[in-house]
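Below: the structure, in structure tokens.
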Amino acid sequence: EGSQSTTQREDGCIAALRDGAGIEVIDPGRYAGATRAQAQEAAENLIAATPSFDAVFCPNEPTTFGMLLALRSRGLAGKVRFVGFDSSEAAVEGMRAGHVQGIVVQNPIRMGRLGVEAALDHLAGRPVAAVIDTGAMLVTPSNMDSQEARDLLSPDLKALLGG
């Protein structure tokens with residue numbers, strides 16, 4: 001709660017869903033806590049309060065993992081469409097099992113490089129764009145084994161960082 005990036009992810013998802021015909025957004029913006037355990041408890045409570053739904057979106061890794069556990073515990077994993085944000089071994093395993101239909105991932109290496117380049121440009125007096133798109137990818141079961149997706153889901157940090 002209070003994280004600008006998470007709030008913007010939620011706002012963008014809700015705006016896109018509300019533009020869809022026949023889509024009802026249920027309980028948007030519910031704070032699920034900062035940990036996986038808190039997120040699972042919040043997800044269990046949400047599912048109990050809303051027993052009929054077709055899809056779920058979670059805007060960060062803890063809520064994605066917590067919802068995955070809650071869906072599994074209620075026998076709903078794979079029966080509702082589920083898209084999460086940020087990669088983890090559990091989310092990737094959930095996708096392989098058919099319980100997660102998509103994971104939105106960013107490229108932290110590119111984000112870091114572009115951030116340092118922008119800082120250097122600023123220090124040198126060169127103009128810096130107000131917004132720098134660092135990119136994102138929707139990884140799905142159909143593209144999760146591509147090299148691009150594998151590099152984002154589980155980057156080889158030793159090779160990237162020279163260690």
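If you check every pair at least six apart or on different chains, which have Cβ atoms under 7 Å apart with a residue in the stretch 78-91 that is farther than 7 Å from Ile103 by Cβ and of a type in the set (Ser, Thr, Tyr) first and a residue that is open to solvent by 20 Å² or more (accessible area, probe 1.4 Å) and assigned to a strand (DSSP E or B) second? Listed pairs, sorted by first residue: none to list. If you go through the stretch 142-158 and keep only what is modelled with pLDDT of 90 or more, surrounded by 11 or more Cβ atoms within 10 Å (Cβ to Cβ) and in a loop (DSSP other than H, G, I, E, B), you end up with Asn143, Met144, Asp145, Ser146.
Taking the conditions (1) part of a loop (DSSP other than H, G, I, E, B); (2) out of contact with any strand residue (DSSP E or B) (no Cβ under 7 Å at 6 or more places or on another chain); (3) open to solvent by 40 Å² or more (accessible area, probe 1.4 Å) in turn, Glu93 satisfies each one other than (1). Taking the listed residues Arg36, Arg9, the one that is in contact (Cβ under 8 Å) with a residue 60 or more places away in the chain, crowded, with 19+ Cβ neighbours inside 10 Å and either within 22 Å of Ser154 (Cα to Cα) or touching a Pro at 6+ places or on another chain (Cβ under 9 Å) (or both) is Arg9, with no other qualifying. Search the stretch 101-114 for residues that are closer than 16 Å to Ser5 by Cβ and among the polar types (S, T, N, Q) and pair each with any residue that is assigned to a helix (DSSP H, G or I) and open to solvent by 60 Å² or more (accessible area, probe 1.4 Å) when their beta-carbon atoms are under 9 Å apart and the residues are at least 6 apart or on different chains. Matching pairs, first to second residue: Asn107/Asp151. Selection of the stretch 112-141 for residues being surrounded by 11 or more Cβ atoms within 10 Å (Cβ to Cβ) and among the β-branched types (Val, Ile, Thr) yields Val128, Ile132, Thr134, Val139, Thr140.
Go through the residues of the stretch 105-112 one by one and say whether even a single one is part of a loop (DSSP other than H, G, I, E, B), touching a helix residue (DSSP H, G or I) at 6+ places or on another chain (Cβ under 9 Å) and either aromatic (Phe, Trp, Tyr) or at pLDDT below 95 (or both). Full working, then the answer.
Kept after step one, since they are part of a loop (DSSP other than H, G, I, E, B), are these residues of the stretch 105-112: 107.
Filter once more, keeping what is touching a helix residue (DSSP H, G or I) at 6+ places or on another chain (Cβ under 9 Å): 107.
If we keep only those that are either aromatic (Phe, Trp, Tyr) or at pLDDT below 95 (or both) too, we end up with 107.
Yes: one or more hits.
Of all residues in the stretch 59-76, those that are part of a loop (DSSP other than H, G, I, E, B), touching a residue at least 12 places away in the same chain (Cβ under 8 Å) and either at positive phi or open to solvent by less than 20 Å² (accessible area, probe 1.4 Å) (or both) total 1. With respect to being open to solvent by less than 70 Å² (accessible area, probe 1.4 Å), at pLDDT 90 or above and over 25 Å from Asp151 (Cα atoms), Val56 fits the description.
The values are calculated or read from the model by the stated rules, or taken from the named source; none is laboratory data. Quick caveat: nothing in here was measured; it's all calculated off a predicted structure. Because the Cβ atoms are built from the backbone with ideal geometry, glycine has one as well, and the counts that use them run over all protein chains shown. These accessible areas exclude ligands, DNA and RNA; they are computed on the full protein's heavy atoms, side chains included. Shrake-Rupley method; radii C 1.70, N 1.55, O 1.52, S 1.80 Å.
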